[in-house]
Each structure stands twice: as C-alpha cells, then as structure tokens.
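The values are calculated or read from the model by the stated rules, or taken from the named source; none is laboratory data. These numbers were taken from a predicted model, which means no experiment stands behind them. Neighbour counts are summed over all protein chains in view; Cβ atoms, including those assigned to glycine, are modelled from backbone coordinates with ideal geometry. These area figures cover heavy atoms from the full protein model, side chains too; ligands, DNA and RNA do not enter into them. Shrake-Rupley method; radii C 1.70, N 1.55, O 1.52, S 1.80 Å.
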Amino acid sequence: MKKSSVLAFGLALLAGSAYAQNVQEVAFVEDPSQGYLFNNFSSNWFIQAEGGVAMGFSSADSHRKIGDRFAPAASLYVGKWFSPILGARIGGDFMSVKGLAKDPGAAYNTMGLQPWSTKVDGFYKSKVNYAGPSFDVMLSLTNWWCGYKPHRVYNAYLYAGGALYWSFEKSMDAKTKELSWGNAHDRVLAVRAGLTQDFNISDHFALGLDLRATALDNHTDGNSATKIVGEALLTATFKLGNTNWSAPVVPICPPAENCDEYRARLQAADARIADLEAQLKACLARPVEKQVVTKAPLATIYYPVNVYRLTSVDRKVLESVANVMKADGKKYTLTGWADNYTGTDAINKRLRENRVNTVKNQLVRYGVNENQLNATINNGNRVDLGDKCLTLDRCVTIEAE
C-alpha cells in the first residue's frame, strides 16, 4: 500500500472519531403517556379455574341457618385481555344452591306423593344444582386507576356478564320411592357481577379470590321470583403468550447545548452584513465614472518558451484574421514579443523576429496584401507582471493602425 493511501486512511479514522465524539446520540424509549400498543391476537390469553362456595340470599333462604346454606361452586374459563384495561372470558359454571321454598313440590319433585322434605319456619328445604355457559366482560381497576405497570404483584378487576343454566334437582321414583338427581327442565337466565383480586406468583401464574353475586330467574319456589346467590371462589389463572404490553417508542433528544456563543457570532455577522449593505448603497449612490476603453489587438498569438512555429490552431486563427484584413483593407502592425526573464538578449531578439515574420508570412499566404502589414519587434515585456505571468509576454500582437 502506498504511503499516501495509509495517510489518507489514518486521517479518515481521526475525522470519524472526532465526529463521533461531537455527535450526541438520540435515545429511544417507551412512552406510556402515548398509550399502549395492541399485542398480537395470540398474546394475553389465559385459562382460569375457580372453586369455592355458594349461598342463597332470597327472602325465604334467610330462615335457614347460615352453616346449612353453604354449597359447592366451581367454574372454568378461557379469556383474553384486549388491552391493559379491557378483557373478556367465556366458560362454564357449576353451583349448588341450598335454600327454602314455600311449595313442597319445589323442594323436591315428589311426582304427586307426599313431600318428605324438612320444614323450617313453615318453609321446605330445597337444593338445586345449576350448570351452564357464561360470559363476562372484565375491567382492570388497578391499570385504570394506577396506570399499567409490568410485573405488578396485585391486580383487581371488576366484571359483569350473564349465564344460561340448566337446573338439576332430586326427584322421587314412584315405584322404588328412592331419590335421585335429574333434569328439572328449567332453563334459567342469570346476570352477575363480581370483583376478582389476583396475586401474581409469576408472569404466567396467579392466585386470587373471586367474590360474585348472581341473580337467577328462578322458578323452583313456584312464584317466578328472582333468586340472589352469592359466591366466594379461589382462582388459579394460567396466562398464555405475551403477558406484558408495550408503549410506543419515541426519540428522546439530548438537551441542547449552550448556544450563546453562536448567537453572539450571529449578531456580529448581522452587524457586518448591515455595514456591507450601507457600503453597497453608498457605492450605488455615487455617480458612474466614464471608462476609457483602450484599443485591443485584433488578435494575439501566444507561444511556449523558445518556440516560434505556428500550431494548427494558430493557423486557423490567422485564417480568420486574414479574412478580416482582406475585407477592410486597413493597415496592421504586427509586433513580436519575448519574455526577458528567460534566455539571453540575443536569443530573445531572434525569437521576436522569427515569431513576427512567421505570422506575417502566414497572413500573406492567406491572401493579405503585404503592403497592409508592418512587422516590428519590441524588446520590452508586453505585460510586465513578473515571472509568474511570463507566458503572456511570449506572443505576436496584431493591431490596426
């Protein structure tokens, strides 16, 4: 590799390093104030299992002892959070409700036989099992009130929804006189609402407590009354896919440097510009001086050092000059020049004579009358601007007399 290439490569590295030190990098961070991005549909799903107790709260049920009103309840759901605040779940519920009924036939289906159910304060004990699909819409209170925070341990959410239950109760066989569970042929619509409190054990598993109130359109008491059931259930939630939410990424620019120096320089530049504008106005206001136009040569033929022969370009120029001379018939002075910075006086004198005679002879060949041409030489420098401009002194000038 050449030394010049190595030097250029080194200078490029130094320039790149200096540029990198001066450029301040822009950081990109998540900005929750911009909201949160929706995850892929495959993310934020969960499976939730619940188990606990249910208790009836209708007016008749209050006559039954509290300890005798607890019954099992369980649920299994599949759900999804569509945003940090809003979600939904669908699944199946089971609950057994112990209560009291006015009608003995509503206590147990005796198929026309005498009821044997135990009476309490004039009511008959009843027990009905409910099972069916349910659907809830969920609202995260912690993310709504406190803002979304990944890896939060405690979360609470409200939910509301509905269910369709099939009811099952014991009935007595007319022949065997035995009681067995069977379909009560009563489809029950229900609305419900509840509060769930979750405690995250990990990013994908949580334990919690679900407190729920369900209103059943119950017909077992013969009065088509609405039955209120309260439930307390322990929950186990298995979270699938991505469980976190991402905020939009925005650039954070570094703080601006102190620009006072640049402002001062800008003000100084403005002052200089104002001064130049004033000078320009003053210059434009001055009267225009008449310029004396000096007579310029018709043509000038230039030569390299120690050369007097004409080039093909020079001959083309002289052919055009000859046409002008033949057309106007004027007399012209041809002056041979040579620079006095190189060569001796004798050499320069010979160059001047050869140059001017060569030009004269060429013009005559192109048909110019020799009487129109006056060939002479000048021993001085034509421009006399020093050795840096000596090429301007090696020429032949053609001027009209």
Margin query: I'm told Leu390 meets every condition in (1) open to solvent by less than 30 Å² (accessible area, probe 1.4 Å); (2) farther than 17 Å from Ala299 by Cβ; (3) part of a loop (DSSP other than H, G, I, E, B); (4) not polar (S, T, N, Q) except one. Can you identify the failing condition by its number?
Written below: (3)
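Across region 147-164, what is the total count of residues that are under 15 Å from Asp203 (Cα atoms) and in contact with a Pro (Cβ under 8 Å, 6 or more places away or on another chain)?
First, the residues of region 147-164 that are under 15 Å from Asp203 (Cα atoms): 148-155.
From the residues that got through so far, the ones that are in contact with a Pro (Cβ under 8 Å, 6 or more places away or on another chain) too are 148.
Total meeting the criteria: 1.
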Note to self: Here is a check on your reading of the model: is Ile85 open to solvent by 30 Å² or more (accessible area, probe 1.4 Å), at pLDDT 90 or above and among the β-branched types (Val, Ile, Thr)?
What the structure shows: no
Next item on the list: Tell me which residues, restricted to region 138-165, are closer than 20 Å to Lys239 by Cα and without any contact (Cβ under 8 Å) to a residue 12 or more places away in the chain.
Entry: Lys149
Notebook entry, point to check: Does region 157-181 hold any residues that are modelled with pLDDT under 95, of a type in the set (A, V, I, L, M, F, W, C) and either buried (at least 17 other Cβ atoms within 10 Å of the Cβ) or assigned to a strand (DSSP E or B) (or both), and which are they?
Noted result: Ala163, Leu164, Trp166, Phe168, Met172, Leu179, Trp181
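Considering only residues of region 234-250 that are outside any strand (DSSP E or B) and of a type in the set (A, V, I, L, M, F, W, C), which is nearest to Thr196 (Cα to Cα)?
Start the filter on region 234-250 by keeping residues that are outside any strand (DSSP E or B), which leaves 241-248.
Remaining after also requiring of a type in the set (A, V, I, L, M, F, W, C): 245, 247.
Values: Trp245: 21, Ala247: 26 Å.
Ranking the qualifying residues of region 234-250, first place goes to Trp245.
Condition first: more than 60 Å from the chain's Cα centre (by Cα) and among the acidic types (Asp, Glu). Now tell me which residues in region 277-335 satisfy that.
Taking region 277-335 and keeping what is more than 60 Å from the chain's Cα centre (by Cα), we get 287-335.
Within region 277-335, Glu289, Asp314, Glu319, Asp328 qualify.
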Item checked: Test set (1) more than 18 Å from Asn381 (Cα to Cα); (2) surrounded by fewer than 11 Cβ atoms within 10 Å (Cβ to Cβ) - Asp345 fails condition number -> (1)
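So that you can scan it fast, the table gives a plain yes or no per residue for (1) assigned to a helix (DSSP H, G or I); (2) open to solvent by 60 Å² or more (accessible area, probe 1.4 Å):
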site	(1), (2)
Val313	yes, yes
Val321	yes, no
Met325	yes, no
Lys330	no, yes
Arg350	yes, yes
Val359	yes, no
Leu363	yes, no
Gly367	no, no
Note to self: Given the options Ser43, Ser96, Ser33, name the one that is out of contact with any Gly (no Cβ under 9 Å at 6 or more places or on another chain), of a type in the set (Ser, Thr, Tyr), open to solvent by less than 20 Å² (accessible area, probe 1.4 Å) and at pLDDT 60 or above.
What the structure shows: Ser96
Note to self: Between Lys295, Lys290, which is within 30 Å of Lys330 (Cα to Cα), open to solvent by 100 Å² or more (accessible area, probe 1.4 Å) and touching a residue at least 40 places away in the same chain (Cβ under 8 Å)?
What the structure shows: Lys295
